[in-house]
Each structure stands twice: as structure tokens, then as C-alpha cells.
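The values are calculated or read from the model by the stated rules, or taken from the named source; none is laboratory data. Worth saying up front: this structure is predicted, and the values here are computed from it rather than measured. Note that each Cβ is placed from the backbone with ideal geometry, even for glycine, and that neighbours are counted across all protein chains shown. Keep in mind that these areas ignore ligands, DNA and RNA; they rest on the heavy atoms of the full protein, side chains included. Shrake-Rupley method; radii C 1.70, N 1.55, O 1.52, S 1.80 Å.
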Amino acid sequence: MPGNLNSEQKKSVETTQGPLLVLSGAGTGKTLVLVTRIAYILANNLAMPWQILALTFTNKAANEMKRRIADMLSQDQSNIHATDLWCGTFHSVCLRMLRVNATRVGLKPDFMIFGEDDQKAVLKNVMANMGIDAKEFPPADWVEKISNIKDHGIIEKPNLAPRTQQILDAYNTELRRLNAVDFGDIILFAIKMLNDCPDILEKYQRQFKYIMVDEFQDTNSAQMQLLKVLTRGIESPNICCVGDDDQSIYSWRGAEIKNILEFEKTFPGANIIRLETNYRSTGNILGAANSLIKHNNGRLGKDLHPADLSNMGEPVYALTLPSNYDEAELVANTIMRFANGNYSDFAVLIRSGTLSRQFEEKFTHMRIPYRLVGTTKFYDRMEIRDVIAYIRLLLHNDDDISFARIIARPRRGFGPAALTKLRSSGGNFMNGMRTVKLGGKQADAAHEFLNAFDFDWQSMPPVDAVKKLLDNTGYMKYWRESKDADADERIANIRELITNVISGYATLPEFLEHAALMTTDDNDTPDTNGQAVNIMTIHAAKGLEFDTVFLPAWEEGLFPNEKSIKEGGIEEERRLAYVAITRAKRRAIITSASSRVMFGSRQYYPPARFISEIDSRYLDFGDRQPAHSPVQTYRTPRTPQPHRTTLVGKLVTHSEMGRGVVIEENDRILTIAFNKIGIKKVDRNFVTIVG
């Protein structure tokens, strides 16, 4: 066993009897504990490799675990082989059980596993046979819906609406006919097999002397049911689960935080060991994270502290900037100041992918190399490429590539055969539409499509021209009427492109030049030996660490987002903020903007409640100005200054939103009922009092 374990880790490794929950905070050596515990059990002859079941969430994690255990065993010159471990994902382990017992649950041994595309095809056929319009009930949405239902397992199967139950039953029947299962079925059939076949359950219970689960906070109901079945009837099962309730951030994909919170209830007499020594971050970063997460009620509780208690490091910076453009500029300037070529030391962690564009634009302009993780680059998003294709075709009628891209969005009845017919004219597709003889609906669609491009765009401001083009062609209507789960986000991205990008160019050709540069493979980026700033969602950053982390758009309505505020999801949003802060090793910079241009209009959000929940001892609001501070330009008061008189009831005017009446005042944020656009929150600095 490695001699560099701290007392908490050593206790976790050597506690081998009975149920054990290891609460492993961020950066506390979770993986080291897991692999060392398995190696310790093997080295002390407490079990053979095939008697240990180690469950992970990714194949990569399972392979890494096996590799590290093998390294430890080789150092001890052991003849035990890590390859004999039952180590894998929940799905791979359940599949291994099912392959040798398939007939016991009504499956054929050679059953196929259907992925998402196969599931869509099955659902499309099922719906057609049931007379259900696939446009009204898109198969892609149902793949996700069915996955969520199956994640609830057998015991906790929700009560379903009659139509949902009909589709689910028909879908499952078709899978059986095709000798196939989907990913959700793999765990469900394993649970059914263990429940219905006592001899098989007894076999595996005799075999697995130890069960270990990584990232336990991410387990869903079905996975938890599997663990309960495997340990059923055993008075004090040797099950060890490692996880962090404060990093449970995946409820949207089925994770149940109650699994970890109720561990002692599920496994009476369980030991709980807390790993609280953090080997990643400085004292101020950990102090900020601890003070924030303490506001959650649904947690078991722990306090992280640095391995070097004297290493408090820089404070966490919490800055309020005038606008999102200033925010992007601050981030870019800070990177240029501190990077010294080591761009991969920096990460910009965003709550949602829609916030990436301002940083992509700024970094490209300043020639800062970056990579986007967990979200698609703004100019690579389907709807953005569609709009660019529409504009290109407007300016260049002979652009067949753009024509082929957008002719089917929305559908106009021009498939491959029709395009071949258009090309037969000897010219381009647009010319073919004008000259080739078409009949019926195709002729009407061609006439409508050509007319959509027939207007004097050169005499119009670029923004107006693009809006007219997308309205004429029915593209905006196409997304407004779409049942696609991402339709609203796609519409928001289009508005972002038009209002915040195209509006900055005098002509459409100038914009297309800019768009072409943004959609290249960064051939003009300086050689940085693979170094690049990471722009990613907070969810994608879990498990990673960076020297400097920027946390932009910490504003009420954005983070925490509006949906979480309305639906009671604040605690998970707070856990997400905790995860974000603890990605930083040396420096964390939180920013909020007094005004932010989003979704085609200027928005005014107050700073996120999370900022005020952090103990101010660990924060720098821009007024301390230490020598190493990245804050050069912007300073904000540590606490808002009280207003001498209330503005409630005052008549005010705004340059963009017009006249309105103040109906609520919260520090510098005013809630105003505007005459034309309704109620909005506005920073008081952006309005003029008129009465």
C-alpha cells in the first residue's frame, strides 16, 4: 500500500468489513483511495480478483482503474492479475451477466443492442403503425423520454399517461421481435433476472465478496435497485460507495442524490468516512466553496481544507462589469497578461453553451487559441450554418452548396431525384428552378422559394435584410413550429447572430467574410504546441482542474437559471457553482455584468445570489488591488450603497425600452413596468427619472 496516504485515506482503504460510504470532496484523492483499497484487499488475500465487483460510469475510468491496480500489484511482485477483476460500467457488467443467462429472462443469447439511431427508426415504424404523426411526436424526443422512464427501474416505474404507455409497450414489443434491447433495458433485464431467478442471484452473491461503486452520487434509480438486489439478504454487505453529495449535478439525466443521502438508511450500520484534505486548491478557493455549499440543506456535510494549511493564495475575485463585452475583454486581457504561452492553464466555465459566442469572438480577434468542450462552437451550430447558407445564396445565386443545405429546411419536396432534375438544366440549382419544368406542389414550392430571394437587399440595413429573408423563406416559422427539444435555443442563437453580430457590419458581404474566418479550422492561429484556453460548460468540467478559472455570467436568471429558480432546483445549481469554484487551483474569477445583450435584446440581471452567499473573507470585489491581481480596470464596492429615497412609483425612461413606472427596488436593480414591453429588471444607472 502506498505510504503517502493521509489518515482519512488510509482509514478508507483499511475499512474492509461492512457497508462503507466514502464522502470524497473535490481534489481529495478519490481514485487513489479506490484503487488502493482494491489492491489492499487483494494483497491481504481477502478476495480473489473475480470476487471484486467495481462499478464505474465510463469505460475510460474502468480501464484507468485496472491499469493503476496492475501497477500497484506489480510493485508488490504479486501473481494476482488485475484483468480478472469484474471492473466496468453498470451497463457492461449487467451485459456480461445477461449474455450467459439471457434465456432465463426471455432473451436470445445473441441479442443486439440498439443505439439512439436504431431506437429512432424503431419508434418511427411503431408510430406509423399506430397512426401517430411523427412530426407531432418526434422520435428523437421519445428516445430521451423512454430512457428517462427506464432509468426509474422496475420498482419505481412512474405512472404513465395512456398514450405514453401505448407507445412504450409497442416499442418494447418491437425490440423483442427484432431480438434487441436498448441501453436502459440492459440494467432492467439484469434486475429482473436477479429478482426472478434465486439461483442466479445466489451465484453472484457468493462470487462478489466486495462491491465498490465510483461516483455514487451520479447513480439513478435503476442502478440503485441493482445494488440493493445484489446485497439483498446479506446482513452486513461489503459494499463501498465513493462519491460527493456536493457534486451531484446530473439530476437532468436521472441521477438521484437521495441514493447517497440515504446510504445509512439503505445499509444500516454503515461507516461514513470524509475525505476533506484537498490537494488541488488554495485555502481561499476552498473557503469560498465551503461557505457557499453550506447554504444547501440536502447534504451530509464536510469542510475541505488545503493539504498546506498556510497556502491561502489569492482571494476569489468577484467582479461586476458594465456589460458582457467588458466581461469578455477582461477575461481575454487577463489571459494575455498571465498566460506566457501556457494557454491550457486557463478555463472559461459557462452555465450554458449559449454564452460561448462572446468569448469565441474575442479570443479569435486577439489571436488567443481556444478549444470548446461540452458544447458546439457557435458558428458550427446547425442553425447558424443554415442562416449563413441562406445569406450566401441571397448574395450568390449560383452557390449550389448553400442551396443543397437549406432546400430541405423547411421541407419543400426537393429530394435527391429533384435536385438531379434541376442540375440537368446545365446551370446551377437556382437557375434550374427557373427553367426546368416542374409540376404540381413542386412547381408551387419552387415559385415560392425563388420569390423569397427576390427583393432589393442591398438597399436595406443588413439586419433587416436577413430578417426579411428568414421570414420570406419560412425558416423562422420552421423553428417556431418545430417540436425539436432544442428549438427555443436554436431560435435564441439565430437572434444572437442577427442582433449581436450581423448588426455590427455595414454590409452583408462584410459579415460573410467575418463568418468565413470564424468557421475555418483556425489555420491562422499561431503554433502553440497544442496549448489552448478551454471554454466549456461547468458540467463538462467536472473532474478537471485548471490553474486559473473564469466563471462568467453569475447573474440571477442565468446562474442560477430561471427554470431552477421557478422549479425549486436551487440546491443543484448551488452544487454546480461549488463544482465550478473547485476546478481552480490558484485563481478563480467570478464575473457578472450590469447589462447583457442576449436573445436579441439588452437584459438586466442582478448578480447571482451565490456571490452574496460566499463568506466575504475569501473574496476580492476589486477594491483590494494586490500586486498580482488580474483586476486592472474595474472596481466595484464591496456592498451596495443604500439609496436615500425610494424610487418606487417614479416615472422613468430607458433609451431602448421607453417609458415605465418603478414597481420594486432592490439595491441598484429596479423592477419597472414599461408601457410597451411589460415588466423588466433594470440597473438604475440605465434609466432616467422623469417624474
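Of the residues 285, 273, the single one that is part of a helix (DSSP H, G or I) and open to solvent by less than 50 Å² (accessible area, probe 1.4 Å) is 285. Among the listed residues 291, 352, which satisfies the condition of being small (Gly, Ala, Ser), over 23 Å from the mean Cα position of the chain (by Cα) and open to solvent by 10 Å² or more (accessible area, probe 1.4 Å)? After applying the criteria, what remains is 291. Only one of the listed residues (555, 562, 545) is charged (D, E, K, R), open to solvent by 20 Å² or more (accessible area, probe 1.4 Å) and touching a residue at least 40 places away in the same chain (Cβ under 8 Å). That residue is 545. When the stretch 130-150 is filtered for residues that are open to solvent by less than 30 Å² (accessible area, probe 1.4 Å) and under 29 Å from residue 99 (Cα atoms), the ones remaining, listed by number, are 139, 142, 143, 146, 149, 150. Screening the stretch 456-525 for helices (runs of 4 or more DSSP H) wholly inside it with 1 or more residues that are at pLDDT below 90 and over 30 Å from residue 144 (Cα atoms) returns the ranges 508-518. For the stretch 575-610, a residue qualifies if it is among the hydrophobic types (A, V, I, L, M, F, W, C) and open to solvent by 20 Å² or more (accessible area, probe 1.4 Å), and exactly one does: 599. Take residue 172 and decide whether it is surrounded by fewer than 13 Cβ atoms within 10 Å (Cβ to Cβ) and over 26 Å from residue 58 (Cβ atoms). So residue 172 does not fit the description; no.
Among residues of the stretch 395-422 that are under 18 Å from residue 383 (Cβ atoms) and among the basic types (Lys, Arg), those with a Cβ under 7 angstrom from a residue that is part of a helix (DSSP H, G or I) and open to solvent by less than 50 Å² (accessible area, probe 1.4 Å), sequence gap 6+ or separate chain, pair up as 405/386; 405/389; 409/386; 409/475; 412/445; 412/449.
Looking only at residues in the stretch 240-268 that are at pLDDT below 95 and either over 27 Å from the mean Cα position of the chain (by Cα) or in a helix (DSSP H, G or I) (or both), the one that is surrounded by the fewest Cβ atoms within 10 Å (Cβ to Cβ) is 252. Checking every residue in the stretch 336-349 against the condition of being open to solvent by less than 40 Å² (accessible area, probe 1.4 Å), modelled with pLDDT of 95 or more and of a type in the set (Phe, Trp, Tyr) gives at least one match.
Taking every residue in the stretch 44-55 that is within 18 Å of residue 13 (Cβ to Cβ) and open to solvent by less than 10 Å² (accessible area, probe 1.4 Å) and pairing it with any residue that is part of a loop (DSSP other than H, G, I, E, B) and aliphatic (A, V, I, L, M), at least 6 positions away or on another chain, the pairs with Cβ-Cβ distances below 7 Å are 49/80; 49/85; 52/85; 54/85. Against the conditions (1) in contact with a Lys or Arg (Cβ under 7 Å, 6 or more places away or on another chain); (2) surrounded by fewer than 19 Cβ atoms within 10 Å (Cβ to Cβ), residue 23 satisfies every one except (2).
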